[in-house]
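Following: one structure in C-alpha cells, then a few remarks.
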Amino acid sequence: MVPVARLLLVDDDPFALETLSGALSRAGHEVDVVSRAAEALAKLESSRYDLLITGYELEDLDALDLLARIQELHPGMPSMIITATASRESAVAAMRAGALDYLAKPFHVDEFVAAVQGALERLRRRATGPQREERAQASLGDEGPGEFEELIGRNPRMQRVYSLIRTVAPAGSTVLITGESGTGKERVAAAIHNRSGRSSGPFVRVNCSAFAEGVLESELFGHEQGAFTGAVKRRAGVFRKAHGGTLFLDEIGDLPVATQVKLLRVIQEREVQPVGGDTAVPVDVRLVAATNRDLSREVKEGRFREDLYFRLNVIPIHLPALRERPDDIPHLAQHFLQAFGKRCGKTVRGFTDRAVSAMERYAWPGNVRELENAIERAVVLATDEVIDIHDLPPEVKGTAGGVEGTFQLNTVRLSEVEEIVIRRVLTRTGWNIKRSAETLGITRATLYSKIRKFGLAAARTTTA
C-alpha cells in the first residue's frame, strides 16, 4: 500500500487541474494545484511536497526549465511530467532532468493515478535498493515513446499503454489485456514479463481456444500417467512450467465454463491438481490473460463466471484497434518494410504518397497483424525500390480515391461536423486546449464554449 503523500500539481489547463487533483484526492493524497511555474516555485519555498507533477508546456516556463530551477533551489525534489507532445527527445530529456516518470496524454484518470502511485512507490524503495532504481530509470530513458519493447506506435493511445506497462509490470498483479485480434496482446504480455521481477523466470504462452476441453485441462494443469486413454506418461502442465515466471493465457474468453471453475480454484489456492492426481502442487505464477471478447457482456449472458472475471480483471489494459490510431500506420509500415526487405534480400526504401494514403484510409479489420502481412506481400511482389499502390492487396488499394472522410454528405448537419472535428482535434492533442485552439483557429475561450455546448467534457475519458 502506497502511503498518503503531499503532491503539487502544475498545469495551465483548468480541466486537467480539476480532474487530476480530484482523482488524487479520492486516492487519499493531499493535493495543491497551481497553473503557473512561478506559483509552483513559490509553493515550494513555503511548503514541503513528496512529488511535483507538472504539465510539459506551461505558459510562463516549460517543464524542463522548471525542473532545472527546482533542482537548483531544492536538490533532489522528485518530479513527474505529463505531456501531449511526446517525443523520444523530450522523454530522454525529462528523465535526465530527474523526472521519475514521463506520462503521455491522453490517458485514463485511473492510469494517471496508478502512475503517480508507482512513482511514489519507487521513491519509497529507493532507500533499500538505490542501484536497482537507477538501472530502472536508465532503462526508461533509453526508450523513445514511438518504440517500446516490440510494440510500435507514437499515438497517444499507445503512449498510454506504454505508461501503464511501466507502472504495473513491477507490481506482480494479475493483468487482463483486451483488444481486437491482431492488436499485439501477446507483445504487451511479454513486455510486462520483461519489466517485472520475474523476468529471469519462464514466460509461458497458451492459447485457450486451441484445445478441446479435456485436452485443455491437461495442458493447463497437467496429468498423471494413465489418467485417461493416451496418457502414456506424466505431464507437468503450463502452470508448473511457468513456476517462478509469468503465464500468458490468450483467448481466455473461450475457456469452457467447467475449466473456468478449476482455473478459479488455482488462482485462489495457488496450487494445481493434475488430471487423475490426488495431490495438489503449489505454484508461484504471475497470470496475464488476454481476450478479444467483452468479458463483462459474457458475464451478463452467463458464458463467463463473474468471480473469475473479477480475479482476472485486477489491472485492465486495453489495446486500441489500428483504425483508431491511423497516424501510426506509416511508422508500422516502414518498420515491417525494413524487416521484410532484409529477410527477402531486397532493397525497398519506402512508399509512394498514394500507397500511404491508401493504407491510412483502410480500416484494417485484422489490425497490426493484417498490416504486417500486407507489407510482406508488397515487399515480395515489388519490382521497384518504392512500394506503390498497385503493390498493396486489392482490399487496401481499393480505398484510395474513395469517399472523403466518413460523412454521408446528403444527411450530415453542420453542427455534427463541427462537433466531430473539435473532438478529433482534442483527441489528437491529448486535450491540450492551447494547441487545439491554435489548430482550429479559434480562441481558448471559444473552444471552452464549444466543449460545453457539445458536452465533450462530460463524455471525456481522457485527461488533458
(Q) Run the reach check for Lys453 against aspartates and glutamates, Cα to Cα strictly under 14 Å, same-chain hits fewer than 8 apart removed. What comes back? (A) Glu416, Glu418, Glu419
**Q.** Cut-off 12 Å between beta-carbons: net charge of the residues surrounding Lys43, Lys and Arg +1, Asp and Glu -1
**A.** 0
Q: Could I have the simple spin-label model distance between Lys453 and Ser46, label points 7 Å from Cα toward Cβ, reported in nm to one decimal?
A: 4.0 nm
**Q.** Calculated FRET value between Asp60 and Glu419, using beta carbons and R₀ = 45 Å, to 0.05
**A.** 0.90
Q: Quote to one decimal, in nm, the extra length available between Glu376 and Asp284 on full extension: 0.36 nm per residue of separation minus the C-alpha distance between them.
A: 29.1 nm
Q. So what are the ³J(HN,Hα) numbers for the range 170-186, from phi and the Karplus equation (6.51, -1.76, 1.60; θ = phi - 60°), rounded to whole Hz, Gly and Pro as x?
A. x, 6, x, 6, 5, 10, 10, 9, 10, x, 5, 4, x, 8, x, 5, 5
Q: For Glu306 and Asn194, calculate 0.36 nm times their separation in residues minus their Cα-Cα distance, and state this gained length in nm to one decimal.
A: 37.3 nm
Q.
Per-residue counts of other Cβ atoms within 10 Å, averaged by peptide: what ranking do you get for 175-186, 435-446, highest first?
A. 175-186, 435-446
Q) From the phi of every residue in the range 193-199, what ³J(HN,Hα) in whole Hz does the Karplus formula 6.51 cos²θ - 1.76 cosθ + 1.60 yield, where θ is phi - 60° and glycine or proline is x? A) 4, 5, 9, 9, x, 9, 4
Q) Once both labels are modelled 7 Å past Cα along the beta-carbon direction, what's the Asp384-Lys342 spacing in nm? A) 2.6 nm
(Q) Give me the extension gain from Gln268 to Glu395: residue separation times 0.36 nm, minus the current Cα-Cα distance, reported in nm with one decimal. (A) 41.0 nm
Q) To the nearest 0.05, how large is the calculated FRET efficiency for Val261 and Arg26 if R₀ is 35 Å and r is the Cβ-Cβ distance? A) 0.50
Q. So how strong a dipole does the range 337-384 carry about its Cα centre when Lys and Arg Cβ are +1 and Asp and Glu Cβ are -1, to the nearest 20 debye?
A. 160 debye
Q: For the range 148-164, just list the computed ³J(HN,Hα) in residue order, Karplus coefficients 6.51, -1.76 and 1.60, θ = phi - 60°, integers in Hz, with x standing in for Gly and Pro.
A: 9, 6, 9, 9, 10, x, 9, 4, x, 5, 6, 4, 5, 5, 4, 4, 5
Q) Once label points are set 7 Å from the Cα along Cα→Cβ at both Val314 and Glu438, what is their separation, rounded to one decimal in nm? A) 4.3 nm
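Every number here is computed from the coordinates shown, using simple stated rules; none is lab data. Quick caveat, the model's predicted, so the values are computed rather than measured. No Cβ is skipped: glycine too gets one built from the backbone with ideal geometry, and neighbour counts run over all protein chains shown.
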